[in-house]
Amino acid sequence: MPFSLSIEPTTACNLGCPECPSGLKQFTRPTGRLDLTLHEKMIAQLKRPVFYINYYFQGEPFLHPNFLELIKEAKRNKIYTSTSTNAHFINEKMAGDIIESGLDRLIISIDGLTQETYENYRIHGKLDKVIAGTKEMVQAKLRLNSSTPHLIFQFLAVKPNEHEIPQVFELGKEMGIDEVRIKSAQLYEFENGNPLMPENEKYSRYRKQADGTYKMKYKLGNHCWRMWSSSVLTWDGKVVPCCFDKDAKHVLGTVADNDFKTIWHHPQYNAFRNAVLGGRNDIEICKNCSEGSKVWV
């Protein structure tokens with residue numbers, strides 16, 4: 001059984017990021033939010049083997065009106081919890097509620113240090129809201145004398161913002177952020193270049209070839225440890241193999257109708273695992289996989 005999960009609170013998002021199917025409203029699957037009763041069923045089935053849940057897949061988690069109830073349910077079952085947010089909905093009250101929910105880790109996507117660079121990728125977003133929400137979280141932790149959640153600034157490195165990477169570490173330290181991460185961007189169209197591709201190859205998932213085209217830096221071996229350690233549950237209970245199946249093209253079952261353990265050991269799930277072992281390059285969601293592509297600087 002898996003020891004970690006990603007659970008999707010909602011597919012809705014307030015932004016329109018150019019490489020995100022949620023922001024671009026390009027899903028073929030419906031937009032919706034996780035029902036609390038279905039979530040309780042998920043936890044009841046998986047609370048024994050699972051010790052880590054990332055409450056994020058697609059969408060902005062804080063658009064779920066009862067998002068923190070999901071966190072509380074997991075914490076009642078002694079499960080470590082994390083989520084990722086654009087921070088547009090964090091005010092003073094919400095910051096306090098987040099801390100009281102027991103959330104262990106909060107990733108805040110910042111992706112730019114001026115409004116111009118920020119909105120180049122985070123379309124419809126406001127950098128001042130990200131900064132304000134972050135300040136509320138830092139202040140609430142101090143006010144409530146809480147060591148959690150562990151606050152992470154995540155900076156998605158793209159060409160318009162790569163010159164700001166040194167400064168984001170300075171800002172994180174100045175604001176009292178616990179950790180700063182630089183993340184390379186997944187680009188759907190990369191073979192012939194992309195205006196979002198960083199000039200510094202250090203921050204890119206792609207490498208330029210002698211003929212001027214680009215390919216992934218990372219070799220896709222016929223293996224993937226995630227197939228045996230984790231799984232992803234969509235807002236409506238579908239089970240998909242990993243976070244790269246954003247549009248749920250490889251549904252392996254649904255916990256709304258079946259027990260997760262049955263799905264996990266089902267021949268259909270094992271057939272997908274065997275497909276990875278036999279020819280990972282033949283699986284579309286694997287071709288642009290970023291496993292191991294965090295950039296540490």
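The values are calculated or read from the model by the stated rules, or taken from the named source; none is laboratory data. Being a predicted model, the structure only gives us computed values, none of them experimental. All Cβ positions, even for glycine, are placed from backbone atoms using ideal geometry, and neighbour counts span all protein chains on display. Accessible surface is based on the protein model in full, side chains and every heavy atom, while ligands, DNA and RNA are left aside. Shrake-Rupley method; radii C 1.70, N 1.55, O 1.52, S 1.80 Å.
Under 23 Å between alpha carbons, and skipping anything fewer than 8 positions from LYS246 in its own chain: which lysines qualify? Within the straight-line limit of under 23 Å, LYS246 reaches these lysines: LYS25, LYS41, LYS183, LYS215, LYS217, LYS219, LYS238, LYS261, LYS287, LYS294.
In a DSSP loop and with at most 15 other Cβ atoms within 10 Å, the trypsin sites (Lys or Arg not before Pro) in region 149-233 are LYS217, LYS219. When all C-alpha to C-alpha distances in region 1-128 are sorted into bins of 10 Å, what percent of pairs does each bin hold, rounded to whole numbers? Percent of Cα pairs in each bin: 12, 41, 33, 12, 1. Here is the short version for the chain: CYS13, CYS224, CYS242, CYS243, CYS286, CYS289 have no other Cys C-beta closer than 4.7 Å. Under 5 Å from the amide H of TYR206 lie the amide H atoms of LYS217, each residue being 5 or more positions distant or on a separate chain, with H modelled from the backbone and absent for Pro and chain starts.
Expressed as a whole percent, the proportion of Cα-Cα pairs in the chain lying more than 36 Å apart is 15%.
Derived scalar couplings between HN and Hα for region 84-93 equal 10, 9, 8, 6, 6, 10, 9, 10, 4, 5 Hz in order, rounded to whole Hz, by the Karplus curve 6.51 cos²θ - 1.76 cosθ + 1.60 (θ = phi - 60°), x for Gly and Pro. Put simply, the amide H of ASP245, placed in the peptide plane, has no neighbours under 5 Å, leaving out anything fewer than 5 places away on its chain. Working note: Debye formula, equal point scatterers on the alpha-carbon atoms of region 146-297, no solvent; log10 I(q)/I(0) at q = 0.09, 0.11 Å⁻¹ is -0.40, -0.58.
Counting only protein heavy atoms and a probe of 1.4 Å, the accessible surface of region 35-91 is 50% carbon and sulfur. Qualifying GluC sites (Glu not before Pro) in region 135-243, where qualification requires a DSSP coil assignment and no more than 13 other C-beta atoms within 10 Å, comprise GLU189, GLU191, GLU199.
Across every pair of non-identical alpha carbons in region 161-232, the mean reciprocal distance, once inverted, gives a Kirkwood radius of 15.0 Å. Counted over the chain, the DSSP beta bridges are approximately 30% antiparallel. Pairwise Cα distances in region 102-193 exceed 20 Å for 37 percent of all pairs.
Taken per residue, the accessible surface of region 153-297 reaches 50 Å², heavy atoms only and a 1.4 Å probe. Over the chain, DSSP H runs of length four or greater, each weighted -39,500 (n - 2.57), average out per residue to a 222 nm ellipticity of -8500 deg cm²/dmol.
Residue by residue, region 262-277 carries 3J(HN,Hα) couplings of 5, 5, 4, 9, 5, x, 5, 5, 5, 5, 5, 4, 5, 5, 5, 5 Hz when phi is fed to the Karplus relation 6.51 cos²θ - 1.76 cosθ + 1.60 (θ = phi - 60°); x denotes Gly or Pro.
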